[in-house]
Amino acid sequence: MGLLDGKTALITGGARGQGRAHAVTSAREGADVILLDITSQALGSVDYPLATADDMAETVRQVEALDRRALTFDADVRDQDQLDAAVTAGIAEFGKIDILIANAGIWTRAPFWEMSEQMWSDMMDVNLTGVWKSAKAVAPHMIERQSGSIVITSSVNGLEPGMNYAHYVSTKHGVIGLMKNIALELAPYGIRCNSINPGAILTPMTNQQGAWDMFAGHEGGTPDDLIAGGYSFHALKGTSFMPPEVIANTALYLNSDLAATVTGVTIPVDAGHMLLTG
Ligand code: NAD
């Protein structure tokens, strides 16, 4: 018996990274999944590649290997019509949506006074407004069913600043406020909403030149610099960049009946990072 037997989970940014871990973990625990990701277009100010159709196909392969079903959408969380269409099609296919994991996100860097308006607005549109639109897409259905769980991916940067990414920090603080309001407004319908604050997680967002350079402290950084920096980022002994499954396991708890009375909270999964900085 799985913790999510018979459930359906909609996962944004579901093609790779933490989104794939959410998909596979949810499937392993008995859920069918609806995976939404921007797999056929670049996104203005983002200087590392976003997910591809091949990434999505690999996630589907892993879900189906667990004998669960996956429905996929090449869609953008900035577009309410695309989100609504995915929700409608998902309900038609699976009969209901029990879970939303609002995970899609981007990360770029510049000092705030040099940041372009494009960088700022792309960040707001994806990481903050995209979460609102994703929750808006599932809320009427969950209200009708008087049941549901929403998990939003924030960051340790939802609790503290980060050098040269004020826009990201603003969105990750913002989604915690949004999470609390969603939790408050949906509590009368028996629907829960919580968020997670990941520490450093090894995914295509972090395993790329920009993050290698940041952890190296200079241009020309390498993956070794990233891993070395990860050890000092976390307090817990022997913990560098963590696998995405540590976040998926926390979402699993929040989405399961184990957390049936947990709503409106945010959970750091950061190997003690906040002990060093908080
Ligand atoms: P990732 O880049 O591998 O995954 C993000 C996914 O979101 C990608 O598949 C990407 O294609 C998708 N995406 C981006 N813009 C989109 C859009 N407009 N519409 C639909 N999909 C879109 O990185 P990840 O680490 O798996 O990131 C998942 C979440 O975790 C993000 O919200 C990120 O900010 C957050 N986070 C990551 C870390 C980390 O260390 N990796 C730490 C804290 C928080």
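Values quoted throughout were computed directly from the atomic coordinates according to the rules given, and no laboratory measurement underlies them. What you see is a predicted model, and the numbers here were worked out from it, not measured in a lab. Backbone-built Cβ (ideal geometry, glycine too); neighbour counts: all protein chains shown.
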- Note on the structure: Here the residues within region 45-57 that are within 9 Å of the ligand (Cβ to nearest atom) and either outside any loop (DSSP other than H, G, I, E, B) or within 15 Å of the chain's Cα centre (by Cα) (or both) are Leu50, Ala51, Asp55, Met56
- Scanning region 216-248 for residues that are within 12 Å of the ligand (Cβ to nearest atom), among the aromatic types (Phe, Trp, Tyr) and more than 26 Å from Thr52 (Cα to Cα) gives Phe233
- Query: Any residue in region 244-260 that is in a loop (DSSP other than H, G, I, E, B), closer than 14 Å to Pro198 by Cα and in contact (Cβ under 8 Å) with a residue 24 or more places away in the chain?
  - Reply: yes
- Note on the structure: Within region 1-44, residues charged (D, E, K, R) and more than 14 Å from the chain's Cα centre (by Cα) come out as Asp5, Lys7, Arg28, Glu29, Asp32
- Query: Of the conditions (1) within 12 Å of the ligand (Cβ to nearest atom); (2) farther than 27 Å from Pro49 by Cβ, His167 fails just one. Which one is it?
  - Reply: (2)
- Item | Extreme residue, surrounded by the fewest Cβ atoms within 10 Å (Cβ to Cβ), among residues of region 169-223 that are over 17 Å from Phe233 (Cβ atoms) and among the small types (Gly, Ala, Ser) | Gly220
- Qualifying residues in region 186-207 (those that are in a loop (DSSP other than H, G, I, E, B) and near the ligand (Cβ under 9 Å from one of its atoms)) - the one nearest to Val151 (Cα to Cα): Gly199
- For region 67-120, how many residues meet the condition of being free of Cβ contacts under 8 Å to residues at least 60 places away in the same chain, more than 29 Å from Met1 (Cα to Cα), in a loop (DSSP other than H, G, I, E, B) and more than 14 Å from the ligand (Cβ to nearest atom)? 6
- Task: Please indicate, with yes or no, whether at least one residue in region 155-164 is within 15 Å of the ligand (Cβ to nearest atom), within 19 Å of the chain's Cα centre (by Cα) and either in a strand (DSSP E or B) or among the hydrophobic types (A, V, I, L, M, F, W, C) (or both).
- Result: yes
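Quick grid of which residues meet (1) surrounded by fewer than 22 Cβ atoms within 10 Å (Cβ to Cβ); (2) more than 15 Å from the ligand (Cβ to nearest atom); (3) without any contact (Cβ under 8 Å) to a residue 24 or more places away in the chain:
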position: Gly2; (1), (2), (3): yes, yes, no
position: Gly13; (1), (2), (3): no, no, no
position: Arg20; (1), (2), (3): no, no, no
position: Ala23; (1), (2), (3): no, no, no
position: Asp37; (1), (2), (3): no, no, no
position: Ala42; (1), (2), (3): yes, no, yes
position: Arg61; (1), (2), (3): yes, yes, yes
- Selection within region 254-278 - hydroxyl-bearing (Ser, Thr, Tyr) and buried (at least 16 other Cβ atoms within 10 Å of the Cβ): Ser256, Thr263, Thr266
